[in-house]
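Below you'll find the structure, written out as structure tokens, and then a few comments.
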Amino acid sequence: MINYDKILSEKVKSIQFSGIRKFFDIAATMDNVISLSVGEPDFKTPWAIRRKAILSLETGHTRYSSNSGMVELRVEACKYMQNLLGVSYDPNNEIVVTVGGSEAIDIAIRALVNDGDEVLVPEPSFVCYAPLVELAGGVAVPIITKVEDNFKLTPKALKAAITPKTKALILPFPNNPTGAVMRRDELEEIAEILRGTEIMAISDEIYAELTYSDGGEDLKKHVSIASLDGMRERTILINGFSKAFAMTGWRLGWVAGPEPILTQILKIHQYAIMCSPTTSQYAAITALSSPEVRRDVDYMVNEYDMRRRLCVKSFNDMGLNCFNPEGAFYVFPCIKSTGLTSEEFCERLIKSKRVAVVPGTAFGKSGEGFVRVSYAYSLKHLTDAFARIEEFLREIK
Amino acid sequence: MDNSKTIRDRILHILRGNARLTDEQIAAMLGVTAQAVGEEIAELEKEGILVGFTAIINEEAYDKNAVTAIVELKVSPQMENGYNAIANKIAQNRQVVSVQLMSGGFDLAVTVKGENLREVAMFVSDHLAVMDGVLSTATHFILKRFKEKDTLFPVDADDERSLVSP
């Protein structure tokens, strides 16, 4: 008998499955669950995008593309970043098309991190950053963001976390699970700290299109740290198609940044992946270039915005204080008033009312006292779930 | 929020998708007061734009025998009244679900509902076909519904997403 425990990588063994997965296992054993737990759009991929993929298959375009992705797609992605963020990248050597934002995060971290390097990870945040840093031999250093700061990264917290070993700062905004965004002046304060250093910002902007504001159109627009003075050279920018274009299953994203870094990133991508799926790349060109798709995206953003407002009001009315999120498609209500921990709350809610929400602790210890609620659902689904949660809250009083 | 749309546009958009939301819920979605929503809805009703609130029912799923037909009617319009008089007369019938004046190969599209095939067939032959001004009828029975009023049937059946995902 092989002793697998002995032969397996110590690093891999030391990382844990995501807390989301654990909760999924509980939910999967139950019937009639109303889920508010998904991190993917309820909308289908816009038809123009699907049609382009079908056409590419029908005409037999099923070969490898160049390692960094099809030229047309890289050109479109660079145009898109120029328009949306005001940052320009050279499609020839400053962008790699990846298998989702997830691969982009992985290879960006691996390209930077030496053994023992520290990577700062604001929390609560998406589940993958710390495990990927650790696999790369680095040390993930959490920076707690707080509800009283609207879950934003503050200059004070950043300064306190920086050491001589700090290699990079993950900037996970707009944020999953909190929905927090960083506005221009707030990013400017972060940039001011980074400018004098050699710390790279890894800016995960997968939700860049899904931003909202109750204070007017100008505020609404996402700002990338790469667009601030002197920051393009110290930023690795990550984006993708999953969220804004409702293309989760297509597994396509990209990473962009200064040429010396992208050259190294491309090596990892070349050996690990070869190239991203060609069918998805054809579809993605249409996603970025079609005016019809642009209208579909605008429609989806507007629907999310209306649901967001309804969610915030509904939770506040129920007595669960809900921070007003300005990005992504999650709300992050505080459940401390129930006296339960996040995990207890979620387990009891799903067992007694068959409503699945994700414990905030799945996104870092600092998520204790909160739950993540996704509003990537129809209004009827949302209001049905709210009615059940209200009942639950009455019963546990 | 799409600022090119008026509050009236936005309220109607929301109601088309889901008319059971309260004024408070709609107000939250639009970032206005519940009173403003109530007043706009009252005004829309007064102007005859918002005419009613009704359920979307998958009739064939509810009652296997129930039958709905779309009847194409050719009719002769009347002096002064045009198609109005005959359309109104047809609309009075309990079995008639909707009446629309159409462009193209026929004049009125009449949706007729009945408890069974015979009831609908007899209504067409005994009431519609013999009506003064009706020149011809062509009856098409609905076999299956896929989408009504922006709503796919069956609802949510194809949400293939995991219950929980990152």
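The values are calculated or read from the model by the stated rules, or taken from the named source; none is laboratory data. For clarity, every value in this text was computed on a predicted model and none was experimentally measured. We place every Cβ from the backbone using ideal geometry, glycine too, and count neighbours over all the protein chains shown.
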For A:Gly327, state whether it is touching a Lys or Arg at 6+ places or on another chain (Cβ under 8 Å) and more than 12 Å from chain B (Cβ to nearest Cβ).
no
Taking region A:297-314 and the residues there that are more than 11 Å from A:Glu326 (Cα to Cα) and among the charged types (D, E, K, R), the one that is farthest from the chain's Cα centre (by Cα) would be A:Lys313
Of all helices (runs of 4 or more DSSP H) fully inside region A:1-89, the set with 3 or more residues that are more than 14 Å from chain B (Cβ to nearest Cβ) is A:4-7, A:10-14, A:47-58, A:71-85
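A quick yes/no check of all residues on (1) on the phi < 0 side of the Ramachandran plot; (2) more than 11 Å from every other protein chain (Cβ to nearest Cβ); (3) touching a residue at least 60 places away in the same chain (Cβ under 8 Å):
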position: A:Leu288; (1), (2), (3): yes, yes, yes
position: A:Gly319; (1), (2), (3): no, yes, yes
position: A:Phe323; (1), (2), (3): yes, yes, yes
position: A:Gly339; (1), (2), (3): no, yes, no
Expected output for region B:100-122 (first residue without any contact (Cβ under 8 Å) to a residue 40 or more places away in the chain, partner in a helix (DSSP H, G or I), Cβ below 9 Å, 6+ apart or cross-chain) is B:Gln100/B:Ala87; B:Leu101/B:Asn84; B:Leu101/B:Ala87; B:Asp107/B:Ile86; B:Asp107/B:Ala87; B:Leu108/B:Ile86; B:Leu108/B:Ala87; B:Leu108/B:Ile90
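Conditions (1) in contact with a His (Cβ under 7 Å, 6 or more places away or on another chain); (2) surrounded by 13 or more Cβ atoms within 10 Å (Cβ to Cβ); (3) among the β-branched types (Val, Ile, Thr); (4) within 14 Å of chain A (Cβ to nearest Cβ), marked per residue:
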site	(1), (2), (3), (4)
B:Met102	no, no, no, no
B:Ala109	no, yes, no, no
B:Glu115	no, no, no, no
B:Ile142	no, yes, yes, no
B:Pro154	no, no, no, yes
Margin query: Would you confirm, using the coordinates I've provided, whether B:Glu24 is of a type in the set (Asp, Glu) and either within 24 Å of A:Thr211 (Cα to Cα) or not assigned by TED's automatic domain parsing to the domain that holds B:Ser98 (or both)?
Written below: yes
Can you confirm whether B:Ser125 is more than 16 Å from the chain's Cα centre (by Cα) and within 14 Å of another protein chain (Cβ to nearest Cβ)?
no
If we keep only residues of region A:364-393 that are among the aromatic types (Phe, Trp, Tyr) and under 17 Å from A:Ala27 (Cβ atoms), then the residue nearest to the other protein chains (Cβ to nearest Cβ) is A:Tyr377
Checked against (1) within 14 Å of another protein chain (Cβ to nearest Cβ); (2) modelled with pLDDT of 95 or more; (3) within 30 Å of B:Lys5 (Cα to Cα); (4) assigned to a helix (DSSP H, G or I), A:Leu349 satisfies every condition except (3)
The condition of being in contact (Cβ under 8 Å) with a residue 24 or more places away in the chain and within 11 Å of chain A (Cβ to nearest Cβ) holds, among B:Ala27, B:Ala19, B:Ala34, only for B:Ala19
Within region A:202-219, the residues that are within 21 Å of the chain's Cα centre (by Cα), surrounded by fewer than 23 Cβ atoms within 10 Å (Cβ to Cβ) and free of Cβ contacts under 8 Å to residues at least 60 places away in the same chain are A:Leu219
Of the candidates A:Arg308, A:Arg295, the one satisfying the condition of being within 21 Å of A:Ala180 (Cα to Cα) and out of contact with any Leu (no Cβ under 9 Å at 6 or more places or on another chain) is A:Arg308
The helices (runs of 4 or more DSSP H) lying entirely within region B:2-48 that contain at least 2 residues which are modelled with pLDDT under 95 are B:7-17
Checked A:Asp185, A:Asp115, A:Asp149 against criteria (among the charged types (D, E, K, R), within 16 Å of A:Ser366 (Cα to Cα), free of Cβ contacts under 8 Å to residues at least 40 places away in the same chain and more than 14 Å from every other protein chain (Cβ to nearest Cβ)); the one match is A:Asp149
Of the listed residues (A:Val355, A:Val312), the one being more than 10 Å from chain B (Cβ to nearest Cβ) and closer than 30 Å to B:Val32 by Cβ is A:Val355
What about A:Tyr89, is it of a type in the set (Phe, Trp, Tyr), in contact with a Lys or Arg (Cβ under 9 Å, 6 or more places away or on another chain) and more than 30 Å from A:Leu382 (Cβ to Cβ)?
yes
Screening A:Ile170, A:Ile193, A:Ile143, A:Ile202 for residues that are touching a helix residue (DSSP H, G or I) at 6+ places or on another chain (Cβ under 6 Å), within 19 Å of A:Phe323 (Cβ to Cβ) and more than 14 Å from every other protein chain (Cβ to nearest Cβ) leaves only A:Ile143
Is there a residue being under 16 Å from the mean Cα position of the chain (by Cα) and at pLDDT 95 or above anywhere in region B:70-81?
-> yes
